[in-house]
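J.: I am attaching a structure below and will ask some questions about it afterwards.
The values are calculated or read from the model by the stated rules, or taken from the named source; none is laboratory data. Remember, it's a predicted structure, so these values are computed and weren't measured experimentally. Cβ atoms come from the backbone with ideal geometry, glycine included; neighbour counts cover every protein chain shown. Note: areas computed on protein heavy atoms with side chains; ligands, DNA, RNA excluded. Shrake-Rupley method; radii C 1.70, N 1.55, O 1.52, S 1.80 Å.
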Amino acid sequence: MSSKHISKYRDESRSRSVERRQDVSHKHISKSKSPKRRHKSSSRDRKESKHKKSKKKKKKRSSSSSSSSSSDSDEEELKLLQRLEAERLRLKEEKRKQKEMLKANETPEEKRARRLREKQEKERKRRERMGWDNEYQCYTNQDNPFGDSALTNTFVWTKKLAKEGVKNVSHDELEALNRQKQLENKIELEKVKQRRLEREAERAAREAEAAAAARAREAAQFHSWARHEDAFHLHQARLRSQIRIRDGRAKPIDLLAWYVSSEQCVDALEMHEPYTYLNGLNAQDLEDLLEDIKVYKELEQNANQAYWEDVQTIVLDELAKLRRLAAPGARRDGVHQAVADDVTQIFKGKTGAQLDALREHIEAKMSARRDGVDVPYWESLLSQLNAHMARARLRDRHQQNLRRKLQLLKREQGVQPDQPAHSDQATGSDQPAHSDQPAGPDQPAGPDQPVHPDQLDHSDRDDAERGYVALYASGGYSPAYLRAGALEPGTLLLEAAEDAQRLAFLRARLHAASAAGRPEPAPGGSGAPAGGAALEAAARRSMAGGADGEGAQFSVEHALPDQPYLWADKYRPRKPRYFNRVHTGFEWNKYNQTHYDMDNPPPKIVQGYKFNIFYPDLIDKSATPEFSLKPCADNPEFAVLRFHAGPPYEDIAFKIVNREWEYSYKRGFRCHFHNNIFQLWFHFKRYRYRR
């Protein structure tokens with residue numbers, strides 16, 4: 001028989017037993033409730049029982065025919081169910097007897113513990129029905145974090161129930177309602193927790209995004225700081241180079257850096273190629289130069305990299321030559337000393353394109369692998385070719401710089417550019433066309449045929465110097481003559497001799513005026529003071545009270561160390577003229593008031609200075625002169641006040657008292673540059689001591 005039928009019959013038997021028990025209980029209840037009606041209903045019960053028995057007999061008779069076929073199988077199933085039920089009851093009875101035996105043999109302590117466990121289990125089941133979580137199961141009325149002595153008791157809100165109209169509802173229904181509300185609250189709490197977790201996840205995502213953005217900003221700021229730091233270091237390196245050049249102690253790297261940084265400057269004109277600065281350097285100097293070149297390549301960041309690469313290649317070649325000379329026993333480079341000069345002549349005087357073609361020819365010759373080819377010789381030739389190609393590239397770069405600066409100078413001086421040959425023929429000029437070849441000593445170039453620097457032979461330094469001398473002698477640096485038609489109407493023309501005579505006369509008058517010690521008359525003949533005298537008169541007028549009220553004259557200069565100026569070859573350095581005053585007076589403090597009077601005054605002290613420095617011929621009128629104050633190393637009570645303006649004026653310095661200045665304009669402070677006069681007026685602070 002299958003387990004399905006067994007379970008079915010088991011359920012039916014259970015239901016019958018339950019019905020019998022209910023009937024018996026109802027009978028007992030009815031007997032206990034109505035003892036008077038017992039006799040009246042007994043006859044009725046007998047009739048009903050007889051009627052039921054008759055019905056059962058009829059049913060049995062009617063169903064006997066239909067169930068005769070399956071009676072055997074039903075009897076077997078029934079017997080099996082009876083055996084199973086008997087086994088279940090036997091086990092239950094054994095379990096009950098065992099439990100009763102344990103109860104009979106247990107001690108009073110075990111009995112109390114058992115009853116307590118049963119009570120706790122009953123309470124736990126009740127809490128589960130009420131919807132308590134596992135975390136609240138261990139709480140009791142005596143032990144809970146809420147301090148509630150009636151925690152396990154069910155709270156009944158009678159007023160709320162009365163207001164809602166469910167005051168008379170049974171306790172079971174109220175518990176069901178509470179469990180439903182607790183379930184709803186639990187579901188809502190889970191939703192709240194889920195929303196909180198979502199918000200925390202969103203907050204974490206926003207914080208991660210903000211942190212990533214902050215890291216990106218910090219990285220960008222760091223890169224910006226790195227760029228600014230590199231620019232600062234490059235500026236400082238260039239500034240140190242300029243200072244060393246100005247002081248006459250320039251290193252090769254200073255000259256090379258000055259050359260590449262002054263390519264766009266018209267005033268800085270370098271007549272020699274940059275690799276000429278390497279002449280006469282020893283091995284230690286070349287090694288130091290290599291390190292300096294690496295520093296500049298790193299600081300400039302892809303600016304002028306080709307220039308520094310070529311210079312580095314030339315330095316490495318020169319260093320290798322010196323090392324070979326220092327170690328004659330070392331392995332030779334494939335070229336015998338007897339033919340080294342011939343090898344040098346091969347590369348001498350060739351342009352970059354010619355050297356490039358020669359390199360391709362050597363590589364093709366080496367790749368052919370023919371018999372009788374001296375491979376070490378050609379490899380050595382190829383290694384030397386790189387340095388010569390670097391020199392050729394620097395030479396071409398130098399020629400381009402010269403041509404560009406020449407054009408800029410022509411444009412600044414207003415010189416017309418060279419006209420092509422067909423334009424001269426169109427204007428009817430009989431002069432021959434300009435030649436592209438340099439003018440030799442037997443054929444001097446005319447004023448309209450200037451010789452350009454790129455027309456010179458650059459075989460070596462001597463040839464270049466001779467070409468420059470020939471260029472200067474031919475008048476290539478002089479401006480071209482203008483035609484009469486190019487002049488503006490009303491322009492006065494002077495002969496060269498007349499102009500030279502007029503210039504000589506003006507110079508003689510200037511020398512005579514300076515020798516006599518009187519101011520030079522103005523060119524207009526009005527007799528008004530000009531030059532330094534006019535500026536001194538203007539400075540006197542600006543001082544209130546005249547010279548007597550302004551203190552004593554102060555004209556003691558402080559000697560400065562000799563320093564070269566980069567513009568000295570273009571302008572003649574000169575010292576500026578000045579008109580200075582020092583203010584002295586008495587200080588009537590308590591001590592002087594006690595020990596001195598007007599008849600016997602105290603010693604005078606320096607109260608301030610007024611400096612008027614004249615710069616009438618300043619080249620850059622927009623550049624304001626500057627001053628700097630530095631204490632004396634030997635005596636800190638004095639300081640050196642230095643004035644710097646720019647070309648064509650040298651720096652000038654004065655030794656003054658080292659005290660704190662009064663920078664208030666009400667106290668007479670003035671520092672400005674107006675009408676070619678740089679005025680610096682100041683007084684010292686006065687300290688008043690009070691108790």
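J.: State the number of residues belonging to region 619-644 that are surrounded by 11 or more Cβ atoms within 10 Å (Cβ to Cβ), out of contact with any Pro (no Cβ under 7 Å at 6 or more places or on another chain), outside any strand (DSSP E or B) and not small (Gly, Ala, Ser).
T.: Total satisfying the criteria: 3.
J.: Let me ask something else. If we scan region 572-586, do we find a residue that is open to solvent by 60 Å² or more (accessible area, probe 1.4 Å), over 24 Å from HIS644 (Cα atoms) and not aliphatic (A, V, I, L, M)?
T.: Yes, region 572-586 contains a residue that is open to solvent by 60 Å² or more (accessible area, probe 1.4 Å), over 24 Å from HIS644 (Cα atoms) and not aliphatic (A, V, I, L, M).
J.: Looking at HIS336, HIS361, which is the one that is at pLDDT 70 or above and loosely packed, with under 14 Cβ neighbours inside 10 Å?
T.: Testing whether each residue is at pLDDT 70 or above and loosely packed, with under 14 Cβ neighbours inside 10 Å leaves just HIS361.
J.: Would you point out the residue of region 373-414, among those that are over 40 Å from the mean Cα position of the chain (by Cα) and acidic (Asp, Glu), that is modelled with the lowest pLDDT?
T.: By that ranking, first place goes to ASP374.
J.: Checking the structure you have, find out if any residue of region 647-659 is open to solvent by 70 Å² or more (accessible area, probe 1.4 Å), under 25 Å from GLN563 (Cα atoms), at pLDDT 85 or above and within 41 Å of the chain's Cα centre (by Cα).
T.: No.
J.: If you scan region 225-258, which residues turn out to be surrounded by 13 or more Cβ atoms within 10 Å (Cβ to Cβ) and outside any helix (DSSP H, G or I)?
T.: The answer is ALA250, LYS251.
J.: Here's something else I'd like to know. From the list GLU94, GLU85, GLU77, GLU123, which one is part of a helix (DSSP H, G or I) and within 30 Å of GLN180 (Cα to Cα)? Talk me through it step by step, then tell me what you get.
T.: Values: GLU94 fails: within 30 Å of GLN180 (Cα to Cα); GLU85 fails: within 30 Å of GLN180 (Cα to Cα); GLU77 fails: within 30 Å of GLN180 (Cα to Cα).
Every option except GLU123 fails the conditions.
J.: Select from region 286-321 the residues that are in a helix (DSSP H, G or I) and open to solvent by 60 Å² or more (accessible area, probe 1.4 Å) and list them in ascending order. Break it down stepwise before answering.
T.: First, the residues of region 286-321 that are in a helix (DSSP H, G or I): 286-300, 305-321.
Hits for region 286-321 are GLU287, ASP288, GLU291, LYS294, VAL295, GLU298, ALA306, GLU309, LEU316, LYS321.
J.: Where residues in region 161-188 are under 15 Å from ARG127 (Cα atoms) and within 60 Å of the chain's Cα centre (by Cα), which of them is surrounded by the most Cβ atoms within 10 Å (Cβ to Cβ)?
T.: Among those residues, the one meeting the criterion is GLN182.
J.: I need the full set of residues from region 261-274 which are part of a helix (DSSP H, G or I) and at pLDDT below 80, in order please. Explain how you work it out, then say what you get.
T.: First, pick out the residues of region 261-274 that are part of a helix (DSSP H, G or I): 261, 274.
Answer for region 261-274, where residues must be part of a helix (DSSP H, G or I) and at pLDDT below 80: just SER261.
J.: Quick one: LYS191 ticks every box in (1) over 30 Å from ASN302 (Cβ atoms); (2) within 44 Å of the chain's Cα centre (by Cα); (3) open to solvent by 100 Å² or more (accessible area, probe 1.4 Å) except a single one, so which number is it?
T.: For LYS191, the failing item is (2).
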